[in-house]
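Okay, structure first, notes after.
The values are calculated or read from the model by the stated rules, or taken from the named source; none is laboratory data. Computed from a prediction, not measured in an experiment: that's the story for all the values here. Neighbour counts are summed over all protein chains in view; Cβ atoms, including those assigned to glycine, are modelled from backbone coordinates with ideal geometry. Only protein heavy atoms, including side chains, enter the accessible area calculation; ligands, DNA and RNA are left aside. Shrake-Rupley method; radii C 1.70, N 1.55, O 1.52, S 1.80 Å.
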Amino acid sequence: MRAQRLRRTHDIEVVREDGQLRADRHFTLRARPNGLDVVRVAVSAAGGLGTAVRRNRARRRVREAIREALRGRRSAPGTDLFVVARPPALDAPSEAIRAAVTKELESVLGPERA
């Protein structure tokens, strides 16, 4: 399955305010059902991560982990996800980020059905 981007500021704000919070050392994730048949994702990084280069790197690493985790799923309930990268996402091994994303997505989207 492939995710779409969550683009509209209003949609992101709704997820930030009303979404179910899941936290990991690499990122925080807020999820909210969207009533659609797609998963939409917005990835952000706080200014506290440092320069734009560091923030962009953290976002890319988390976004790629989400892409990999969703690629392995055949379907998922329509959900909006707002993810904020944390400082450990900069230096952690990619496998660690992928494992954390897979775990949190499974808790939010439910296990993959056979």
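Considering region 33-57 alone, what residues qualify as being assigned to a helix (DSSP H, G or I) and of a type in the set (G, A, S)?
Step one: of region 33-57, the residues assigned to a helix (DSSP H, G or I) are 47-49, 52-57.
If the condition is that a residue be assigned to a helix (DSSP H, G or I) and of a type in the set (G, A, S), then G47, G48, A52 are the ones that fit.
Within region 1-31, the residues that satisfy the criterion of being within 25 Å of G72 (Cβ to Cβ), out of contact with any helix residue (DSSP H, G or I) (no Cβ under 9 Å at 6 or more places or on another chain) and open to solvent by 60 Å² or more (accessible area, probe 1.4 Å) are Q4, R5, R7, L21.
Of the residues making up region 53-62, those that are open to solvent by less than 90 Å² (accessible area, probe 1.4 Å) and out of contact with any Ser or Thr (no Cβ under 9 Å at 6 or more places or on another chain) are N56, A58, V62.
Are any residues in region 78-109 surrounded by 15 or more Cβ atoms within 10 Å (Cβ to Cβ) and not in a helix (DSSP H, G or I), and if so, which ones? Explain how you work it out, then say what you get.
Residues of region 78-109 that are surrounded by 15 or more Cβ atoms within 10 Å (Cβ to Cβ), as a first pass: 79-90, 92, 96-102, 104-105, 108-109.
T79, D80, L81, F82, V83, V84, A85, R86, P87, A92 - these are the residues of region 78-109 that are surrounded by 15 or more Cβ atoms within 10 Å (Cβ to Cβ) and not in a helix (DSSP H, G or I).
Residues of region 13-27 that are farther than 21 Å from R2 by Cα and either assigned to a helix (DSSP H, G or I) or touching a Gly at 6+ places or on another chain (Cβ under 8 Å) (or both): E13, V14, R16, E17, D18. Scanning region 1-11 for residues that are out of contact with any Leu (no Cβ under 6 Å at 6 or more places or on another chain) and not in a strand (DSSP E or B) yields R2, L6, R7, R8, T9, H10, D11. The residue list R67, R60, R30 contains one member that is under 13 Å from the mean Cα position of the chain (by Cα), within 21 Å of R7 (Cβ to Cβ) and outside any helix (DSSP H, G or I), which is R30.
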